[in-house]
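**Student:** Pasting a structure here, questions to come.
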Amino acid sequence: MQIIEWRELRGLVRVYPDLLRNLPLNSTPVSTPMGLPVALQWTRMRRHARQAAGVAALLVLAGCNSVPPVQQYGPQENFGSVATYSRLFDATPAHTCEAARRALLSQGYLINSASAEQVEGKKNFQPDAESHLQILIRVVCVPDAADGQISLGFVTAVQDRYTLKKANNSASLGVGAIGSVSLPFMAGSEAMVKIGSETIAAGRFYDSFFDLVRRYLSASDLAVE
């Protein structure tokens, strides 16, 4: 009588469930190495194989239907006393905003709006053939003294990122008796798609802008008005 260890039998059930499912019935008992009858028939083996196959199928379905976990992001802001986005100017708010407008114009920015309290401008960049960047700068000027001769300028710069997306569309031809027929001619279209937006936080970027604003405040007619 052939002796089959229970550990080997469980391995066969896990590895070859389909093979064991198709085996013919056999009532021959299986004995352990100690010679004791286990009375495990082939019918019982087929039942274990079916159970193993069912469990495997459930695991596969669970894996297909599982939803990836949602990425959790903590607070991205850390409020502090560092004045990265603001500076004091020895000028009225109207003069400060006018100097900021001239500073943006000198660097090729298109002015969207300008007033005595706020200036907004944008500029486009293209680092490579399929990428596009746009920087939007907004300057807000508020008084910081009772007489209005000292102002506080707040500046925020937002950089938007775009990429070139290409789409192919099949051409259709209308035929009176048949209807619409799709032809194998492909018409391609391109569009810039926004893929990201971020507030610029580099201190050197704002330092250079504020230095340029001060230069226009001191070296122009704004200094004597």
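The values are calculated or read from the model by the stated rules, or taken from the named source; none is laboratory data. The structure presented is a predicted model; accordingly, all values stated were derived computationally and were not measured. We place every Cβ from the backbone using ideal geometry, glycine too, and count neighbours over all the protein chains shown. Calculation scope for accessible area: heavy atoms of the full protein, side chains included, ligands and nucleic acids excluded. Shrake-Rupley method; radii C 1.70, N 1.55, O 1.52, S 1.80 Å.
**Student:** For segment 119-140, how many residues meet the condition of being in contact with a Gly (Cβ under 8 Å, 6 or more places away or on another chain) and either farther than 16 Å from TYR216 by Cβ or surrounded by fewer than 15 Cβ atoms within 10 Å (Cβ to Cβ) (or both)? Walk me through how you get there before you give the answer.
**Tutor:** If we filter segment 119-140 for residues that are in contact with a Gly (Cβ under 8 Å, 6 or more places away or on another chain), which is where we start, we get 123, 136-137, 139-140.
Right, trim to either farther than 16 Å from TYR216 by Cβ or surrounded by fewer than 15 Cβ atoms within 10 Å (Cβ to Cβ) (or both) and you get 123, 136, 140.
Qualifying residue count, segment 119-140: 3.
**Student:** Name the residues in segment 109-147 that are out of contact with any Ser or Thr (no Cβ under 9 Å at 6 or more places or on another chain) and assigned to a loop (DSSP other than H, G, I, E, B), would you?
**Tutor:** Of everything in segment 109-147, those that are out of contact with any Ser or Thr (no Cβ under 9 Å at 6 or more places or on another chain) and assigned to a loop (DSSP other than H, G, I, E, B) turn out to be TYR109, SER115, GLU117, GLN126, PRO127, ASP128, ALA129, ALA146, ASP147.
**Student:** Would you say ALA116 is over 33 Å from the mean Cα position of the chain (by Cα), farther than 20 Å from ARG215 by Cβ and open to solvent by less than 60 Å² (accessible area, probe 1.4 Å)?
**Tutor:** Details: over 33 Å from the mean Cα position of the chain (by Cα): yes; farther than 20 Å from ARG215 by Cβ: yes; open to solvent by less than 60 Å² (accessible area, probe 1.4 Å): yes.
So ALA116 passes the test.
**Student:** Still on this model: Every residue in segment 53-86 that is at pLDDT below 65 and part of a loop (DSSP other than H, G, I, E, B), please.
**Tutor:** Hit for segment 53-86 is SER66, nothing else.
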